[in-house]
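Report on the following structure.
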Amino acid sequence: MATAATVKTTTRELRAHLREMLAHAARGKEVIVTLRGKAYVKISSVPDDEPQGKAARGDAPAAKKAPKAAKKKKKA
């Protein structure tokens, strides 16, 4: 059941209004995303004392270089 501190949305609405839904979560509300009528995921804010993101925890993967495009050989 949705309370005043909960916003319920569908996956389609989430894609259309992502910025708005993230703003709700940042203000302390929980955003419940439904898929085919059933609760699928919950989006909520991160506590201020918790490190944010993988880089803050030190487990971010190392950056990989993009593969270079193969050059075509010119026929003489």
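The values are calculated or read from the model by the stated rules, or taken from the named source; none is laboratory data. These figures come from a predicted structure and were not determined experimentally. When we count neighbours, we look across all protein chains shown, and the Cβ atoms used for this are built from the backbone with ideal geometry, even at glycine.
Here are a few things to note about the model shown:
- Residues of segment 1-51 satisfying the condition of being polar (S, T, N, Q) and either at pLDDT 95 or above or in contact with a strand residue (DSSP E or B) (Cβ under 8 Å, 6 or more places away or on another chain) (or both): THR6, THR9, THR10, THR11, THR34, SER44
- Hits in segment 9-44 - residues which are hydroxyl-bearing (Ser, Thr, Tyr) and in contact with an Asp or Glu (Cβ under 6 Å, 6 or more places away or on another chain): SER44
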